[in-house]
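To start, the structure under review is shown below, and the notes come after it.
No lab work stands behind these numbers, since they all come straight from the coordinates. Remember, predicted model here, so these are calculated numbers, not experimental data. Backbone-built Cβ (ideal geometry, glycine too); neighbour counts: all protein chains shown.
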Amino acid sequence: MKVKKNDNVLVVTGKDAGKTAKVLAVLPKTNKVVVEGVNVQKKHKKARSAQEVSQIVEQSGAIDASNVMVVCPVCNKAIRVAYKVEGDKKVRVCKKCGAIIDATKEAKEVKKATKRKTKKATAEAPAEAN
């Protein structure tokens, strides 16, 4: 599937068309996705013990994956997804701007490391001024 968990997507058709939200779950066997705040359904939950309270719970239902489009994190537009092989890995690419959509663990670790270095540098700079 071209849509993955934690992607930002735009709902293209249906009663929630035009909404942009995060994907909570992907169901590849049925070609459906669960999107936060889209296709909200009410479920009646019965109390199972004396301490619990019966209630009506709202939850997001699954919609077909063809009804959503991935939003590119770089150009912030709804896009179609292309695939590209980089090294030995297959990555998802934005067809409009060519940016890589998949956020790799290595890239996140590099960002965290640079943040730590800048925090240390800013903490040491005022100490040297005194």
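What the table shows:
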{"item": "Net charge over other residues, Cβ less than 11 angstrom from the Cβ of VAL53 (K, R count +1; D, E count -1)", "result": "+2"}
{"item": "Long pairs among LYS32/LYS89; LYS2/LYS42; LYS32/LYS95; LYS22/LYS45, criterion Cα-Cα beyond 32 Å", "result": "none"}
{"item": "Three principal axis lengths of segment 3-43 [C-alpha, angstrom, descending]", "result": "25, 23, 15"}
